[in-house]
Structure formats: structure tokens, C-alpha cells
Amino acid sequence: MDELLSEFVAETQESLEALANVAVALEADPSDRKLLDELFRFFHTVKGSCGFLNLPRFERLSHAAEDVLSDIRAGEGAPDAATITAVLAVMDRIAELCMAVDSGTSLPDTNDDELIEMLRHCHRMAGVAISAPEGLAVAADEVPIPQNGAPVRGAGTSRTIRLPLTLIDQLMNGVSDMVLARNEVARKLRTSDADPELETAFERLSGCIADMRDSISKTRMQRVERLFMAIPRMARDLGRELGKSIDLVLEGGEVEMDREMVEMVVDPLTHIVRNAIDHGIEAPAQRREAGKPETGSLVISARQSGSQIVIEVADDGRGINVDAVTNKVISAGLMTAQDVAQLNEQAKLDLIFTPGLSTAQAITSISGRGVGMDIVRANVERIGGVISLANDPGRGLTITMRVPLTLTIIPGLILNAGGLNFAIPRTAVVEILHSNNPTVTVAELGGGLTATIRDMRYSMVDLEDVINIPKVDQIGPRSLMIVRSASGKPFILGVGTVENHEELVIRPAAPVVMAAGIYAGMTLPDNGQPMLLLDAGGIAQAAELPLIAEHVEREDRGVAAVDEATETFAALRFIELTGEERVIRLALVDRVEDIPAHCFSSVGGVSHVSVADRLVACAAHFEAANIPGDSKEVTCLRIRDGARELCYPIASIVDIHELPAKLDMSARYGMVAGVVLIEGHQVEAIDSLALLAGVHEPSDQSEGTSVRCVIADQADSWNREILAPLLVQAGYEVVWGHQSGASRPDDVLVLTSAEASPLEVQPDAVVRLRSKSQPGGPDDQSVYRYDRDALLSAISSAHERRGAA
Amino acid sequence: MSGLYLFARIAGTPVAICTDEVEAVVRLKELSPAPGAPPYVAGLFAVRSRVLTIINAAALVAGSDNDCRPGCEEGHFAVVCEIGGHSYGIMVDSVDDIQTIDTAPLPICGRVSDAWQPYAKTVIEHDGSAHFILSMTDFLESCLYAQAA
């Protein structure tokens, strides 16, 4: 919220400075409608912003000024000197308030009302002055305007700096020019036999430029989240004010877009959302009548579509009443009824963008003065964007803004079609093939082209046909590009040739050019000849391609059968520490890592390696002794199957091979599943299952269902110092007999042979230990206490018996 | 109101452009065409690292049937102006003069042909002949709206 507020203050201050001149110019030329509009819009914006920032004083002041200016716009009264003075006084007061907000101090609310009254008075006088004698207007002039002392800028400090966009543009253009110059030098260096020292120096320069470009692009990119930040609060406040309940859904906040774009889109988006809540979504009672849930839904989503960001605001309100719009247009005298009658439905809908039009029944403090959609469209188009409406009367309205990802540097491909060069973002291109490639068949059916590439059918279109230029004869095959369209389905774009791959600085193209619908911007490559950047989605739309892609049924079943037999997997071939060559499925290898030799240790026949403060099991056959004494680091395959993890120390990696799924010879022994033949060598294939099965499962103490072992005699030092740690390590929870408390049915009682079994314990829950290695007799079920394996298995089988019982 | 005007010819018609709107006048060389765009978009032209969208004013005024083959713009002058954040070059037949005119713009007398109707609002006298006063902003905006409708 603080950020919003400081931004509002900074923006308002900035506008105020510029607008003082506008007000003065208006005074000089009262007939200048543009100046008046500009002034009016400022107050309108301030009113709108402070409405949801909860700044009532701002709101009152700007509302009053807006009212007066609105009247003047409607032709009631003229912006005479007195009115302008009063407007300027209001602006000064807003500036003072801004400073007060900025520095966190409060400005005494002494005479806001006085100012407002003054403004209204001047306005009334001016209105009269048109028809009344001169004297009255002079009287208005003489009304004293309360003056405040020179405003003092508060000592509030801000942690960010605001830069004028022009400066950032200059910086960006500078970097763009630098990239262009670098590319040109690179080209020159390639053609001449430059000496290596020069090339090294150039490489360094090139790297610096790349870094700089990266950081500058980073300063420009911002998550769309920022754009969404103010919306929930606004929706809530507006909803409360209007007595509507709104279910707001924000999607795609993680999409990144140009900072400048974010700033340019904030205002239009705010406007659209405000309109949607104010005019779109009906009051709960109306919604009930219409059979809709009382809570209105407002979905705002952002997504990247090729080189554009698509921002959609969809509500389920009443939609646009097209008749109301056309009536309004006609009654406002903006168009004649005949003109309107000739428009199609979509064009009628687009009339909502006509300047000076509002369909709202009543002017509210939220929206509905007829400034709005025209400004929204102007703002969106200024950044090379497109705004479109999908109206479903009675059921909702979806407004889609498509703004380009422009003013950025993207890797692009330069292609030639019909003798002209075009660029296309490389991200849009999946694959490029020559038309004479044997895997490609192009068929023409009734004028439509279909290309089949490796059993996939694609819609195909030649770029020359889309842009309506003749194809030129060329030597060599044409190029087919598999291009991703906005809908995600690829299609084939046939072009003359694909010439080059370059980093391109993209700038927005003029609206007249963008209107063609197939361009995303323009670029100036290092040859100095401007090029247009193609928009893959636009081309698909312009060419009206049905975007389908499907697998072709294989004609030859035999081919499929052969394929099955030759099904392969990627395998990593390596040399064991002990010298054998083996292969392992590559998919199992998480990564390959060099681990210092001292991190390995073998304890009790089990090898572990400490990696980042924890122990990871080593492959079971690994012995620390196999590590060559002189090596500091050991190459390890980190293997993971989702649940188990293990470290497989090896001597070295040889290569990656595609191996048939069936081994040449199956011969299971230990870790090896069989033998495969690679380039004439016999290589052992690791048995993945055996490998992972050999991993000692680390005991998991954290699980609450661990098995409890009750040891009866705590006083016995052998029990305490040897048996208990052993059991804990094996994953049991050790409980001493006297503190066992509520015994659980699956408790296992460990007794030494001398002790008597407590009566309440079932005999099958008892494991008896004896200190002699030989059993005392044929009935002796006890376990020798130094026989670890027998002891643990006796406990676990006792536990299983108890668990089953 | 007096002002400094750039006097040029568009489709043979003398026009005056207020120099406040004019950034520069450049002589065009080879343009990059913009196929798919309306016929009055002659193409793109680079001035250093800036790319201008060149509008063939004659084609815009006279309509698309104006004869403009690719390459015909070679050697023509273009008036550079920035409108709505985009840089445009308005291609004119010729640039005649730059002169301060002290007289106020005059209303149009006589029936102006349909082609000029949307663009010509006032007239100014210079060198003994009348010139239409063109606002580049209006000129381009009207062409955008004409296209949108």
C-alpha cells in the first residue's frame, strides 16, 4: 500500500508540474478543447486513484474541479481567468497535500471547502458572464483567493528513484545501438583475417555489452503481479461502495513483461476493472432476478502468447447494451443514424471507444463520465497493443488487451520471402526444413496446403501469399518453418530462405502497420535496413488456418514392429573404480559430481559419502579401499529413483550410447543384469533394481509409527550401553521397562534369559537373549546376544507377529 | 496567430505544415516495404537507429488508386514527425520553403474535392498562392480512423 501511495504522490506531482502550464495556456486560449480535456482528465484520474487510496481530501478537491471542468466541457461557462485561478489554487492545494502525504505530516484541514466554494463561485460567475455585462465578470476576478505560503518540500526520503521513461528509452536505445554496432564489427571481423589479439579484445567487449544488455533488460522486466497488486483492494472497496459482492480471480501473475508496458497498462486495466465492477456486474438483487449467483465473478488473467502479453478481464455481468451505445452515439451527434445502421455488430460494439461517450445511467464517483474507453484504447494502442471486446449481452463482457513484449532484444531469425526480409522471434520457430527434405510431403487440396512431416500433418501457408506479394524464382529449395502459433498448435510457414540468426532489438511498429495484424513490431538489424517482425499467431489468423495437428496412421504396420524391436534407451557408459566397463540407464543418473575423497567412509561394511552435511549411501559393492590413494576427488554418479538416493563412485565416464532395450546376453550376477555389445566391446549393464535394492534404507526416526522395543532391565549395563544403541540405530524406539507406560499391542519385549517374563505379555512378543553362544537345549528359543542379524530378525519377526495379532 | 510554416506539395497540392510538428526533413533512400499494411504506408526507413514509418501522403489523400510502384519514393523528401510515440515520415512531392507567416489562417472558400475534404480545414497565403494548412497529427489520425471504420 505504501508503494502505491508514494507512486500516486509522485505521479500526481509530476502531472501537476506539467499541468500548471496547461491551465495557463487554457486561460490564454479558452477555446482550446484539448487543453481543457487534458486538465479534466487529470482531475478525473486523481479522483479515481484517491478514491481507492482513501484520500478523501484529494477526492473532494478533485471532484469539485472535475465538476466545474465538466460543465465547461459541456459548454456551460468559459474557462475565464478567475476560474482558472481557482482551478490552479485547487491544484496547489493538491500539491501541498501530496507533499504532506510524502513526508508523513498532516496539513491542517482549514480551508479546503473555502477553495471549493471559491471555484464554484468563480464558475457560476463565469457562466453568467457570458450573457451578463462585463462588470460581473470583473467582480469574479476580484474575489480573493486564499494564498498559502510557498510549499516546503518535506524531508521524507524515498528508497527508489523515478526516472523519466525518456531516459530509460535513451539508455535502451543506446544499448540497442551498441548491440547493432557490435554485430557489425563482428561481421567485419569474420570477413577479414583479424589478428587473434584483436579478436580477444573484441570478445571481451562483446561480453561486456551482453552483460549490460542483460542487466538493462532485467531492469525492464517485471512480473505482471505488480500490475495486479492494486486490484484486489480496489475491487473490494468498489464492491463495498456499490453494495456488490465480487469474486476476484487473478491468474498469471508470474508472467513477465516490460516495465514500461506494465506502467502503460496499469491505467487502462484499472479503468477496465472499475468499469466492470461499476457497470458490468449488477447489484445482487438484479443478479438474482437474472438467475445468476449473487456474487459476481471477475477474472483477470495474463498470459504470454508468442511475442505478446494477453491480458483478459472477464466479468459475468450484464455486458454491453449495444443499442444503448448506438443511441448514445446518435444522440450525442457523433454519428448519424444511417451511419450507425450500416455498421456490423462488432463495429457497433466498438463505438464504446468513441471519445466523449458514456452509457452509465448516473455519474458516480467511480466511473461514468465518458472518459474511459477512448483513453483506454488510446493508451493501449500507443504501446502497439490491441484491445478487443467479446460481448455476451446479459451474461458478461470480456475485454482482451494484447500488448507486445516490445522494446526488448530477442533472438530472431531473418528470413526472405518474395525478395523482402522479415524477422521472426526464434522462440516461435520449432524447426526449419528444406522443402526437398525426404521427410516432408506437401499436398495441395483446393488451394489449401498441407505439409506432412514425419507423420505429422500441419496446415501450411506460404508467407508470400499471406502478405500478397509475388514469389521470386530462387535457386535451391524453399524453407519450411514449423512455427508455434498463439493457440499453441504449430503450423508450417513456407518462406524463400532463412538467412540468418541475429539478436534483434524490437520496437513497436506504428499502428497503421500493426493494423495489418501479422506483425509484432519492427527491428533495425546491423545492415541498417529496417525489417518487420512477424507475429506467428497473427499470420495463422490472417491466413485463416485451421490449426490442427495429428498423427498420421502408419501405413506400414511392419515399420511399427521393427520399431518395437529397436526400441532403445540412453545409457551412460563408464569405468568402475575396479576397472570394469559398465553401462547404466541414463535416466537414473540425476547428475555427475566430483566429491572429495575424504568424504567417503566405510563403516561396518556400509559405505557412505557425506554430501552437504548429510550422508548418502554408496553403491553396495563400493569399497573405500578402491579409491586410488593419490586421487583427491572421486567422480560419482548421483542416482535417484524418486525414493532412494545413492552415490555411485566411478573412475571415469566414457560416453552416452543408445542401447537396445533387450540385452545381448542376460546373465544376472550381483549388480550386473547382462552384457551388451557396444562398438565391439562387451560392456556389463548395471541391474538398476539390484543397485537400488542394495541401498541401506536410512532409519527414519521421525515417523510416529516406529516400533517400540521394551527392554525390561535398565540397570543392566549391557542392555544400556550395547543393546539400546543397536536397537535405536536399527530404527526401533527403545523404551525401558519401568517407563513403558501404556503398552502398545505391537511392543516387543526384550529379555535376558535369566529374567522372568511379566505375565501380562504374550509369549510371542518376547525375544529372549542369552549370553552363551550355544543354545541351552532343544527348547531354548533365545537368541545369542552377539548375533546381530539373528537378534534383529527375532525382534522384527516378533513385531510382525504382534502386528498381525 | 503567426507561425513558422513548412511549405510542401502533396499530390500536386500546395500545403503548409506548422513547424512545431516537424522534427526534420529527410531525403528518402531505399525503403523496406510493409506488405499487408494499407497502400499509403510506403514502408520503413531508418534514420540512424530510429525507424520511421513512411506514409505516402499523396496515396493517402488520393486514395489507393494513386500510382505508386515500389521504388517511386526514391529521392523524395519526408517530413519527420513524432505522433503518439511513433516516428513517422510523411512523404511529400517536394519541399518548397520555410517561412514565417504573420497572417491568420483563412477559412476555406470554394468546394474542396472529396479527397482533401477530411484534411483541409484552413488555408494560408504564401508567395501569392493559397496553401492548405495541415496538422500532421490530424492527418495521421484521420487516416487511422478512416481505416478503422
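Quick note: the coordinates plus some simple rules give every number you see, no bench work behind them. It should be emphasised that the depicted structure is a prediction, and the values quoted were computed from it without experimental measurement. Cβ coordinates were reconstructed from backbone atoms using ideal geometry, including for glycine residues, and neighbour counts include every protein chain displayed.
Some values worked out for this structure:
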read-out: Length gained when the stretch A:Ala390-A:Glu294 is fully extended (0.36 nm per residue, less Cα-Cα span); value: 32.3 nm
read-out: Residues A:Lys34, A:Lys47 arranged by fewest to most Cβ contacts within 10 Å; value: A:Lys34, A:Lys47
read-out: Point-to-point label distance, A:Asn321-A:Asp780, nm (Cα→Cβ direction, 7 Å offset); value: 10.2
read-out: Rg/Rg_globular for the stretch A:284-330, with Rg_globular taken as 2.2 N^0.38 Å and Rg from C-alpha atoms; value: 1.63
read-out: Spacing of the two label points (7 Å from each Cα toward its C-beta) at A:Ser31 and A:Asp641, in nm; value: 8.9
read-out: Approximate spin-label separation A:Asp211-A:Ala81, in nm, with each point projected 7 Å along Cα-to-Cβ; value: 6.2
read-out: Modelled FRET efficiency - R0 51 Å, A:Ala715 with A:Val592, Cβ distances, 0.05 increments; value: 0.45
read-out: Hull-based mean projected area of the stretch A:255-305, where the convex hull spans the alpha carbons, in square nanometres; value: 4.5
read-out: Cβ-based exposure ranking for A:Lys632, A:Lys471, A:Lys188, A:Lys244, in which fewest neighbours within 10 Å come first; value: A:Lys632, A:Lys188, A:Lys471, A:Lys244
read-out: For the stretch A:1-118: relative contact order, % (alpha-carbon pairs under 8 angstrom, 6 or more apart); value: 29
read-out: Cα-Cα over 29 Å, subset of A:Lys34/A:Lys328; A:Lys292/A:Lys348; A:Lys47/B:Lys121; A:Lys34/B:Lys121; A:Lys188/A:Lys471; value: A:Lys47/B:Lys121; A:Lys188/A:Lys471
read-out: Amide H within-cut-off set for A:Val767, under 5 Å, with H built and near neighbours excluded; value: A:Leu749, A:Val750, A:Leu751
read-out: A:Asp193, A:Asp102 arranged by Cβ crowding within 10 Å, fewest neighbours leading; value: A:Asp193, A:Asp102
